[in-house]
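S.K.: Sharing a structure below in structure tokens format, with a few things to ask.
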Amino acid sequence: MNGWVVVFLAILALSSLTQTVFLVLLALESRRVAARVGELQQRVEKDLRPSLESLARVSKNVAEISELGVLQARRFDAALADTLDKFEDTTEQLRKFVVKPLAPLAEILAILKGVRRGLAVYNQLRGYDGGTRGQARSYAEDEHLFI
């Protein structure tokens, strides 16, 4: 049994040695990869930093332009509201000082217009046509309309 123990110990020693070599090679390769990743990171920072700074400036400028646009829109809205208020005040003043004093005159003109139209209708119906007053109407020209 002593022989088998030596064989197993040799196998364990060989596997431990293989594992140690593998771990050393892994550590060395990891160091190389870490160095390459460091170089890549420096290159990316060197190449992308100006672009990122430019992008930050552009976004800041867009934000300022947006704020100015909102401010101008608010100013325009306030000016438009003020103009509408002044227009309403002017319209009210116009009604107060021009239209209301002329309202009786407009009513008189409406009455005169109604009287004139009434006279025109009366004349059209031959109710007041000088010499034909009180005479019966003649429908001779309308006979073709009757069946």
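S.K.: For the stretch 44-97, what is the per residue volume of the convex hull drawn over the alpha-carbon atoms, in cubic angstrom?
M.R.: 31 Å³
S.K.: I would also like to ask the following. Report the Stokes-Einstein translational diffusion coefficient (µm² s⁻¹, integer) for the stretch 33-72, Rh taken as the Kirkwood radius over Cα pairs, at 10 °C with viscosity 1.306 mPa s.
M.R.: 130 µm²/s
S.K.: Oh, and also: If each Cα of the stretch 9-128 is one equal point scatterer, what is log10 of I(q)/I(0) from the Debye formula at q = 0.13 Å⁻¹?
M.R.: -0.90
S.K.: Determine which lysines satisfy two conditions relative to LYS96: a Cα distance under 23 Å, and not lying fewer than 8 residues away in the same chain.
M.R.: Candidates past the 8-residue exclusion: LYS86.
Throughout, read-outs are computed from the coordinates displayed, never taken from laboratory work. All of these numbers come straight from a predicted model, not from anything done at the bench.
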